[in-house]
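Please treat every number below as a calculation from the coordinates, not as lab data. Since the structure is predicted, the reported quantities are computational estimates derived from the model, not experimental observations. Note: ideal-geometry Cβ built from the backbone for every residue, glycine included; neighbour counts use all protein chains shown.
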Amino acid sequence: MPPSLGSFEAFFLGGKSIQDLQRIHSQLLMMIARKHGLGCAMSIVGASLQWLSTMDEREPNPSVLLRSPPHAPPRNATPKERWIEAVRKASARPDPWAHRLSQLPLERGKRRRWEAKSGSWRSEELLVRLESEPFAKGAMRICHRAVSMDRRNWVAKRYDSDPDVSALESDVMMQMIAKDYAERFNACGPPKKVDFIEASVLQLPERPEGLRDFAVEAYLDGNFTKHSSNSGFVADDVVRNTPHAFSHFTFEASGAEQIVVDIQGVDDLYTDPQIHTASGSSGPRFGRGNMGLRGMALFFASHRCNSLCHQLGLTPFAHSPMPGDGAATQYRPMNGSPNESPREEVVFDGSLVPAKSSVPHSAPGESVECFARNESFDMF
């Protein structure tokens, strides 16, 4: 029988079997979880795994830093406080990739970031570990696990059939331009802020041609939700105002030149957007998913302006009645009166140019003045 936990320190563990050590380890974690909470027990496991990935087998008596269990932020917490709490929670969880990547060799790489405001690339040298075998595969891209020297977990993506780095650059530019739109959207004071994960291009020059370029972004852990697609699809199971109002906002903030669609991610932290452009092949092409005016038309064919669109002063589009118009994404008057009509309507005739909008047109990086009102909202 294994020793009781009360006299744990009196035993020399070096002579115990693996089975006994596993039982002692389980009992110890159970005691910590009961006394200090499950978060603290998970924090200890995570810290132990991180320590093991860098341990020297000759080092005696290792110590593990105990961290206090995280606490939920108050309901009135600011966005910054919620981000800090999210980081604290993530730090308390065990690293899901530590055992996979810690033994991989370090590779010299070059990381390039797209600055949406200046319209230029910024480069830096770094060392990374990257798995050779992908852990996920989509219709066009495959995903590899990667970790930086400062222990940040990344997803490294590359096209399976197209090694041209310009396609990856286009994806990164789209995501960073969408991130810039998110900052301008948040400046208008919506009930819920949105953001996009920072993306960049990673080149590993020592790898073979065609296998050295990746688009990398932070690993996003949590329940993933796809709110819309690049071809007019709108999710029916999770209908929320914020993702669709954000897409509508980007259309008007760009002066009807661009729209950010394919909104997906964890909560309101998004990734992998698509941008449709009115200019078509001229200007930034934004990949094969850029459907131009047709993509814009498909969005507005399924979009129903909601109360957040109204708060932001976005121009409603008039539609013919269609099934589902009673859904949560439909425009609803702010004062509850069923007879109130939108202040401006644009008949959907294919031109996609709003007659009037309260959102001034601006180029990426410029500030946008919003005429929002302080009213109560739900289903965001």
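Here is how the numbers come out for the structure above:
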{"quantity": "Unit charges on C-beta of K, R, D, E only; dipole of region 204-307, Debye", "calculated": "400 debye"}
{"quantity": "When each of Lys137/Lys226; Lys35/Lys192; Lys179/Lys226; Lys157/Lys193 is checked by Cα-Cα distance, pairs over 29 Å", "calculated": "Lys35/Lys192"}
